[in-house]
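Have a look at the structure below, then the notes.
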């Protein structure tokens with residue numbers, strides 16, 4: 001179906017032209033400039049005015065490769081190609097947890113972590129919140145979201161409202177269900193723990209980036225008998241969640257879950273690219289190990305820049 | 001329509017800029033980057049009032065409706081208002097504001113942080129119950145690492161093949177080889193997930209954070 005023309009945007013977000021333009025913009029912004037400028041970079045002042053940090057080339061090349069993979073798979077998905085995406089363990093438990101809370105008539109608690117809205121983990125958590133809100137509204141049940149960041153709170157309110165709307169139950173939305181606790185780390189942990197002890201939620205979702213307070217919240221939830229689903233990209237907190245929660249989305253599963261639940265072809269395309277990139281990383285690691293055993297120097301960058309190796 | 005497309009346009013423009021600035025060390029770009037960071041602080045300061053308003057409304061309603069736990073809401077409201085008034089009338093460098101921070105808030109935070117020790121103990125008890133092969137491996141590795149991290153770890157150990165294997169050495173091997181390998185595996189996956197999410201936002205494919213689906217449903 002053709003989307004209406006939008007004068008605010010020169011190209012429609014997600015369109016083929018938009019993907020190509022963005023890729024070109026990234027390359028143009030980061031690409032090395034003319035050799036004339038490079039040649040003039042023999043003074044300190046001129047060196048500071050460089051248009052490309054050559055020492056970051058080893059980061060730039062894999063980024064461009066990965067961006068190409070993401071763009072390519074998004075275009076493939078847009079072209080109607082059917083992409084098989086792996087099943088993510090633990091996601092079925094989300095339905096189970098919401099159903100259990102509905103049957104017991106007890107609240108559902110969602111914590112989007114402690115980070116701000118500019119962190120990808122928070123974006124992933126908020127995406128999952130939208131799906132949880134939709135599912136719970138379809139069961140005639142509401143979700144309580146406890147926030148540490150006011151911007152995240154504002155976004156979460158919109159996302160929950162939209163989730164209820166998609167489920168056909170906008171009347172369920174109460175602004176006081178998605179509320180601000182405090183910016184203090186342990187103040188937030190105390191607020192969440194207090195909420196759990198007072199209202200006894202049947203299902204707790206801890207999704208996002210967490211710090212030392214993770215165990216306080218997860219152990220309190222465990223003590224109140226709630227079914228708990230956690231997901232974080234914070235490797236230091238993963239052992240605590242794995243110990244205290246029923247299901248834990250480990251690292252990149254948090255990002256994958258947000259896409260997997262949405263079930264939208266374009267988003268699944270990027271998930272496929274993520275998997276392909278992981279395969280490439282595995283191949284490179286195996287090559288590195290083999291080269292190590294054979295005594296071959298694989299540090300091309302250090303060799304080229306004369307840094308040794 | 002503006003409510004839908006303008007935030008996406010902002011996300012795309014600033015997303016591309018923040019990505020590009022990492023690779024472009026030019027002073028113009030650095031100046032732009034610092035300006036964006038300043039604006040972020042300003043926007044955050046404004047949104048903090050949203051948070052405070054939400055807090056007052058949430059606890060105020062609970063107090064008015066005399067919900068269960070309304071007493072705690074009363075304490076939260078009084079504490080919040082008292083702290084703000086102390087800051088306004090006596091300044092934040094000293095006086096009652098400082099006293100409230102040092103004598104009330106800081107000890108409460110320290111208390112909660114200290115409680116982590118008990119939570120770690122209860123979580124460890126559950127994790128170390130050797131009911132399966134995995135739990136047994138975890139228990140053995142955990143015991144070796146804990147013993148290897150105390151002074152006795154250097155003394156405890158065994159000799160084999162003419163070499164001395166102390167618990168401290170074995171603990172270091174567990175942390176540096178299998179543990180670090182697993183950790184790096186997780187971190188590589190996280191890195192790819194982060195880049196993928198960021199690219200989806202920059203490309204305008206990801207809109208759920210705005211309360212919108214790709215099909216255009218939702219929105220606010």
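Of all residues in segment A:187-204, count the ones that are part of a helix (DSSP H, G or I) and either within 19 Å of residue B:67 (Cβ to Cβ) or more than 9 Å from chain B (Cβ to nearest Cβ) (or both).
Total satisfying the criteria: 11.
Which condition breaks for residue A:137 when tested against (1) at pLDDT 95 or above; (2) in contact with a strand residue (DSSP E or B) (Cβ under 7 Å, 6 or more places away or on another chain); (3) more than 8 Å from chain B (Cβ to nearest Cβ)?
Exception for residue A:137: condition (2).
Just to be sure before I move on: is residue A:115 outside any helix (DSSP H, G or I) and either surrounded by fewer than 21 Cβ atoms within 10 Å (Cβ to Cβ) or more than 10 Å from every other protein chain (Cβ to nearest Cβ) (or both) in the structure I sent?
yes
Hey, residue B:206 hits all of (1) within 14 Å of chain A (Cβ to nearest Cβ); (2) surrounded by 13 or more Cβ atoms within 10 Å (Cβ to Cβ); (3) without any contact (Cβ under 8 Å) to a residue 24 or more places away in the chain; (4) over 30 Å from residue A:162 (Cα atoms) but one; which does it fall short on?
Condition not satisfied by residue B:206: (4).
Provide a single number: the residues in segment A:242-266 that are part of a helix (DSSP H, G or I), at the interface with another protein chain (Cβ under 7 Å from one of its Cβ atoms) and over 12 Å from the mean Cα position of the chain (by Cα).
4
Would you check if residue A:293 is more than 15 Å from the chain's Cα centre (by Cα), more than 8 Å from chain B (Cβ to nearest Cβ), assigned to a helix (DSSP H, G or I) and farther than 30 Å from residue B:112 by Cα?
yes
Looking only at segment B:124-141, which residues are modelled with pLDDT of 90 or more and surrounded by 16 or more Cβ atoms within 10 Å (Cβ to Cβ)?
B:141
Scanning for something under 17 Å from the mean Cα position of the chain (by Cα) and more than 8 Å from chain B (Cβ to nearest Cβ), does segment A:213-224 turn up at least one residue?
No, that holds for no residue.
Tell me, yes or no, whether segment B:175-198 has at least one residue that is in a helix (DSSP H, G or I), farther than 30 Å from residue A:63 by Cβ and modelled with pLDDT of 85 or more.
Looking for residues that are in a helix (DSSP H, G or I), farther than 30 Å from residue A:63 by Cβ and modelled with pLDDT of 85 or more, one finds at least one in segment B:175-198, hence yes.
Of the residues A:154, A:162, A:144, A:184, which single one is in contact (Cβ under 8 Å) with a residue 24 or more places away in the chain and within 10 Å of chain B (Cβ to nearest Cβ)?
Result of the check over A:154, A:162, A:144, A:184: A:162.
Quick one: is residue B:90 more than 23 Å from residue A:153 (Cβ to Cβ) and either facing chain A (nearest Cβ under 9 Å) or buried (at least 16 other Cβ atoms within 10 Å of the Cβ) (or both)?
So residue B:90 fails the test.
The values are calculated or read from the model by the stated rules, or taken from the named source; none is laboratory data. Values in this document were obtained by computation on a predicted structure and should not be read as measured data. All Cβ positions, even for glycine, are placed from backbone atoms using ideal geometry, and neighbour counts span all protein chains on display.
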